[in-house]
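A.B. asks: The structure that follows is given in the form of structure tokens.
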Amino acid sequence: MMIALSSRGRPAGTSKACDKGRCRQLLCGLMILLPCSSAVTAPTQKAVGQPFRVETALVSVPVVVSDGKGRFVPGLKESDFKLYQDGIEQPISLFVTSDRPINIALMLDTSKSTVAVLGKIKKAAVSFLSQLRPQDKAVVISFDSEIQALSPLTSDQSRLRAAIGSAQVAYYEGTKLRDAVLDVVGRRFQYLDERKAIILLTDGDDIGSQVPLADMLDAVANSGTVIYSVHYSIDPRQMMKKLFGVSSRLPRQDSGTPPPSTDPAGSRSEGLQFLTALSELSTGRVFPSEVARLKGTFQEVAEELRLQYLLGFYPDKSKHDGLVHELKVVVDRADTVVRSRRFYRAPAPSSPH
């Protein structure tokens, strides 16, 4: 699969405000491609029992299947799926069932804005780890003005709990959200053969990332990594009290006025829109959550992780044209809803020798 990586040497968007217009345009265009209920493609494997090697030409996409009441449908077989590229059925070359191991990047926003809530976030993250199966692996990553891997990719629960406990609020200003996501999909998870997912805990704001938004979205779309974004809001009064030890002078909200974090015109609304687009692009979901309710949110995420399928196919070389191609997955069961990858960008044609 092709992953477009940008040069980290050309800073783009080193502040929230510098490219807000382009960000909005890209997100609007992306949301047009992402209907509320969509059927998207994913990669498959014939030899389910043995480890397999994913070649670079393989197009892989996770698939989630639910019934009309929103309940996940387990136990499906390869013969239950049909995979289409540009309306033409493709032979399924990869089929991975939901009982296979999954690799998870647990990404914690540790920027200054989390100072009042990071303790609760870490506690909920530890409870999430207890829901993983023995064969599942995770890596803990924090991001603020820097990106740090607090653990290796491991199934060792004690090591992962210690990594979460070591996460600390940043001293310097910065939230390199886009850079952190690209670091996972474009480097750490690029050659993983099993199912893979990101659990992203953040308010959605980005300060200081170097990778352009379009390059990061392109890498996510071609990575086969599902992103579950857990969006939470920060009370500015709690943050100021924690940072400076004094109460905020911000005026109290009237009972009929929404708090700043939920103001439709506010930057946090833009953060939520970005996370929604990012998650749906990757076949994942976004979970808006109060910090106090994160434990229940994690339970929902863990349930869906356990019920994913992974499909894949090798496109004909004539499709190596550098263009975007439509994908669709159909399940041969009545009253099912399929959520999966909807498109991929093909590799550019090889230059003649």
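A.B. asks: Restricting attention to segment 167-180, does a residue exist that is within 19 Å of Phe298 (Cβ to Cβ), of a type outside the set (A, V, I, L, M, F, W, C) and outside any loop (DSSP other than H, G, I, E, B)?
C.D. replies: no
Listed here are the residues, each with its yes/no results for (1) touching a helix residue (DSSP H, G or I) at 6+ places or on another chain (Cβ under 9 Å); (2) assigned to a helix (DSSP H, G or I); (3) over 22 Å from Val329 (Cα atoms).
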{"site": "Tyr84", "(1), (2), (3)": "no, no, no"}
{"site": "Ile104", "(1), (2), (3)": "yes, no, yes"}
{"site": "Gly119", "(1), (2), (3)": "no, yes, yes"}
{"site": "Ser151", "(1), (2), (3)": "yes, no, yes"}
{"site": "Arg161", "(1), (2), (3)": "yes, yes, yes"}
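A.B. asks: Filter segment 181-210 down to the residues that are under 14 Å from Gly271 (Cβ atoms) and either outside any loop (DSSP other than H, G, I, E, B) or in contact with a Ser or Thr (Cβ under 7 Å, 6 or more places away or on another chain) (or both) and list them by number.
C.D. replies: Matches in segment 181-210: Val181, Leu200, Leu201, Thr202, Asp203, Asp205, Asp206, Ile207.
A.B. asks: A follow-up question, please. Does Arg333 qualify as being surrounded by 20 or more Cβ atoms within 10 Å (Cβ to Cβ) and either within 19 Å of the chain's Cα centre (by Cα) or in contact (Cβ under 8 Å) with a residue 40 or more places away in the chain (or both)?
C.D. replies: Spelling it out, it is not the case that Arg333 is surrounded by 20 or more Cβ atoms within 10 Å (Cβ to Cβ) and either within 19 Å of the chain's Cα centre (by Cα) or in contact (Cβ under 8 Å) with a residue 40 or more places away in the chain (or both).
A.B. asks: Here is a check on your reading of the model: is Leu278 closer than 24 Å to Asp218 by Cα, in a helix (DSSP H, G or I) and touching a Pro at 6+ places or on another chain (Cβ under 9 Å)?
C.D. replies: Criteria not met by Leu278.
A.B. asks: Answer with yes or no whether Ser145 is in the same structural domain as Val169 (by TED's automatic domain parsing), surrounded by fewer than 20 Cβ atoms within 10 Å (Cβ to Cβ) and either outside any strand (DSSP E or B) or not charged (D, E, K, R) (or both).
C.D. replies: It is true that Ser145 is in the same structural domain as Val169 (by TED's automatic domain parsing), surrounded by fewer than 20 Cβ atoms within 10 Å (Cβ to Cβ) and either outside any strand (DSSP E or B) or not charged (D, E, K, R) (or both).
A.B. asks: Kindly provide the set of residues from segment 308-353 that are hydrophobic (A, V, I, L, M, F, W, C) and modelled with pLDDT of 90 or more, ordered by number.
C.D. replies: Leu310, Leu311, Phe313, Leu327, Val329, Val330, Val331, Val337, Val338
A.B. asks: Could you grab me the full set of residues in segment 148-173 that are within 29 Å of Asp218 (Cα to Cα), surrounded by fewer than 18 Cβ atoms within 10 Å (Cβ to Cβ) and either of a type in the set (Gly, Ala, Ser) or in contact with a Pro (Cβ under 6 Å, 6 or more places away or on another chain) (or both)?
C.D. replies: Selection gives Ala149 alone.
A.B. asks: Let me ask something additional. Please give the number of the condition Val286 fails out of (1) modelled with pLDDT under 85; (2) in contact with a helix residue (DSSP H, G or I) (Cβ under 9 Å, 6 or more places away or on another chain).
C.D. replies: In the conditions (1) modelled with pLDDT under 85; (2) in contact with a helix residue (DSSP H, G or I) (Cβ under 9 Å, 6 or more places away or on another chain), Val286 misses (1) alone.
A.B. asks: Which one is farthest from Ala197 (Cα to Cα) among residues in segment 86-102 that are outside any strand (DSSP E or B) and within 19 Å of the chain's Cα centre (by Cα)?
C.D. replies: Only one residue fits best here, namely Ser98.
A.B. asks: Looking for something modelled with pLDDT under 95, in contact with an Asp or Glu (Cβ under 9 Å, 6 or more places away or on another chain) and either in the same structural domain as Asp316 (by TED's automatic domain parsing) or β-branched (Val, Ile, Thr) (or both) - is there at least one such residue anywhere in segment 127-134?
C.D. replies: Within segment 127-134, not a single residue is modelled with pLDDT under 95, in contact with an Asp or Glu (Cβ under 9 Å, 6 or more places away or on another chain) and either in the same structural domain as Asp316 (by TED's automatic domain parsing) or β-branched (Val, Ile, Thr) (or both).
A.B. asks: Could you identify the single residue in Arg187, Arg195 that is of a type in the set (Lys, Arg) and under 14 Å from Ile102 (Cβ atoms)?
C.D. replies: Arg195
A.B. asks: Considering segment 124-160 alone, what residues qualify as being free of Cβ contacts under 8 Å to residues at least 60 places away in the same chain and under 17 Å from Arg293 (Cβ atoms)?
C.D. replies: The one that is free of Cβ contacts under 8 Å to residues at least 60 places away in the same chain and under 17 Å from Arg293 (Cβ atoms): Val126.
The values are calculated or read from the model by the stated rules, or taken from the named source; none is laboratory data. Model, not experiment: these values are computed from the prediction. Reconstructed Cβ throughout: ideal geometry from the backbone, glycine too, with neighbour counts over all protein chains shown.
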